[in-house]
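Undergrad: Dropping the structure in here first, questions after.
The values are calculated or read from the model by the stated rules, or taken from the named source; none is laboratory data. Predicted model, so just to flag it, every value in this text is computed and none were measured. In this analysis, Cβ positions are derived from the backbone assuming ideal geometry, glycine residues included, and neighbour counts consider all displayed protein chains.
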Amino acid sequence: MKRSVLKILILIVTLLSCTKFSSAVVRCGNCGRTPVPYPLSTDPNCGDQAYKIRCTAGTLWFDALNKSSYMITDINPLTQRIIIRPAGLSGKTCIASDMATEGIQLDDNLPFNITSSNTILLLNCSDAMLHLQAPINCSSNSICHDYINNNAPLCKSTSLCCVFKTGGSQNSYVVKVHINGGCAAYQSFVNLDTHWVPTKTWPAPAMELEWGLPQEPTCKLPIDCKPLLHSKCLVDPMNSGQKRCFCNAGFDWDPVNGLCRREKCPHGRGCKHQKKQTMLIAERLMDAVDPVLKEKATNLDLETMKALGLLAAACLDERRQNRPSMKEVADEIEYIISVAKGKVSAEG
């Protein structure tokens, strides 16, 4: 029991220390209680301006084309995913509340798109939909009928509904609705199992979007690159009319965390010194563990504690560029846990 508590404490220290020290570019502050990860931007003075979202009264919103807006309910910076709440029905009708904008439409000039993880239910459809072929399903046994019966009684008077899975160029940026010649309403669900048997209780409606990894920040003067350590304001070779904060030699751009990270240690004397330092840190970390715990711990317990401790120490490195990114931390913790559970060989 004590060993489990110690591991949890080390894990918490690891996460807190890495969160505190991994910043480099100017990130936006929280929106209410929700963190706004880089490159998302809620203000002209933070984030990347190509990745704008909106913070209003402590709530995040995603603004699509034609002045339509959708509440953001979740953000995953490691997978670059955003979950939005799709439009519901307008009043006592079977018509989408965003009919004025013909559904959700993203600007294909911006780095956001609709992922392939969404199952779309099209409601109140015209007979013109019957001429469409798979993968759209407008049959009488489609799950959209179960949804209507249990969750959208206003659509019961309409005989036709359809289902399709997002993915492909036709719906990477748009889910359209039409009064005539199409479907007047829609609903979306994320990661709906294809073998899922509909019940009265459906998951919460949601739509998953993703963003592309950002390029280096733009700049006009050298001082603009001051927040990004180890970078210089240089002409973009892909666009001579623009300048960016490019990382210095020996550093690589990390688009997830927005920093210039030192290239991995090449083989040689530097690596040997780094390995020696790591071994010294590991010894000091284990010296801090209660001898009673060490006596009762297995070799695997000790190696797990040591691995988590080393990861926490890496997050506290004086040189910001040497600290692991949050994605690297998450991957390493997942690996350490897998080893501890015996799912992965410690030598692998």
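Undergrad: Here is a check on your reading of the model: is A96 within 15 Å of P205 (Cα to Cα) and touching a Gly at 6+ places or on another chain (Cβ under 7 Å)?
TA: yes
Undergrad: Hey, could you check segment 27-63 for residues that are part of a helix (DSSP H, G or I) and not small (G, A, S) and say which is surrounded by the fewest Cβ atoms within 10 Å (Cβ to Cβ)? So that I can check it myself, show each step before the final result.
TA: Of the residues in segment 27-63, the ones part of a helix (DSSP H, G or I) are 49-51.
Imposing the further condition that a residue be not small (G, A, S) reduces the set to 49, 51.
Values: Q49: 13, Y51: 21.
Only one residue fits best here, namely Q49.
Undergrad: Let me ask you something else. Starting from residues that are assigned to a loop (DSSP other than H, G, I, E, B) and hydrophobic (A, V, I, L, M, F, W, C), keep the ones in segment 229-255 and report whichever is surrounded by the most Cβ atoms within 10 Å (Cβ to Cβ). Before the answer, list the steps.
TA: Filtering segment 229-255 down to residues assigned to a loop (DSSP other than H, G, I, E, B) leaves 229-230, 237-238, 248-250, 255.
Filter once more, so that each one left must be hydrophobic (A, V, I, L, M, F, W, C): 229, 238, 249.
On the way: L229: 17, M238: 8, A249: 7.
Among those that are assigned to a loop (DSSP other than H, G, I, E, B) and hydrophobic (A, V, I, L, M, F, W, C), it is L229.
Undergrad: Test each condition in (1) modelled with pLDDT of 95 or more; (2) in a helix (DSSP H, G or I) for N66 and report the one that comes out false.
TA: (1)
Undergrad: In addition: Considering each of S157, S126, S172 in turn, give the residue that is within 22 Å of D98 (Cα to Cα), under 31 Å from the mean Cα position of the chain (by Cα) and not aliphatic (A, V, I, L, M).
TA: Numbers: S157 fails: under 31 Å from the mean Cα position of the chain (by Cα); S126 fails: under 31 Å from the mean Cα position of the chain (by Cα).
Sole residue among the options that is within 22 Å of D98 (Cα to Cα), under 31 Å from the mean Cα position of the chain (by Cα) and not aliphatic (A, V, I, L, M): S172.
Undergrad: Please determine whether any residue of segment 184-191 is out of contact with any His (no Cβ under 6 Å at 6 or more places or on another chain) and either part of a loop (DSSP other than H, G, I, E, B) or on the phi > 0 side of the Ramachandran plot (or both). Outline the logic, then answer.
TA: So the first thing to find is which residues in segment 184-191 are out of contact with any His (no Cβ under 6 Å at 6 or more places or on another chain), and the list is 184-191.
Of the ones still in play, those that are also either part of a loop (DSSP other than H, G, I, E, B) or on the phi > 0 side of the Ramachandran plot (or both) are 191.
Yes, because at least one residue in segment 184-191 is out of contact with any His (no Cβ under 6 Å at 6 or more places or on another chain) and either part of a loop (DSSP other than H, G, I, E, B) or on the phi > 0 side of the Ramachandran plot (or both).
Undergrad: Let me ask another. Just one of C233, C225 is touching a helix residue (DSSP H, G or I) at 6+ places or on another chain (Cβ under 6 Å) and modelled with pLDDT of 90 or more; which is it?
TA: Numbers: C225 fails: touching a helix residue (DSSP H, G or I) at 6+ places or on another chain (Cβ under 6 Å).
Selected residue: C233, the only one of C233, C225 that is touching a helix residue (DSSP H, G or I) at 6+ places or on another chain (Cβ under 6 Å) and modelled with pLDDT of 90 or more.
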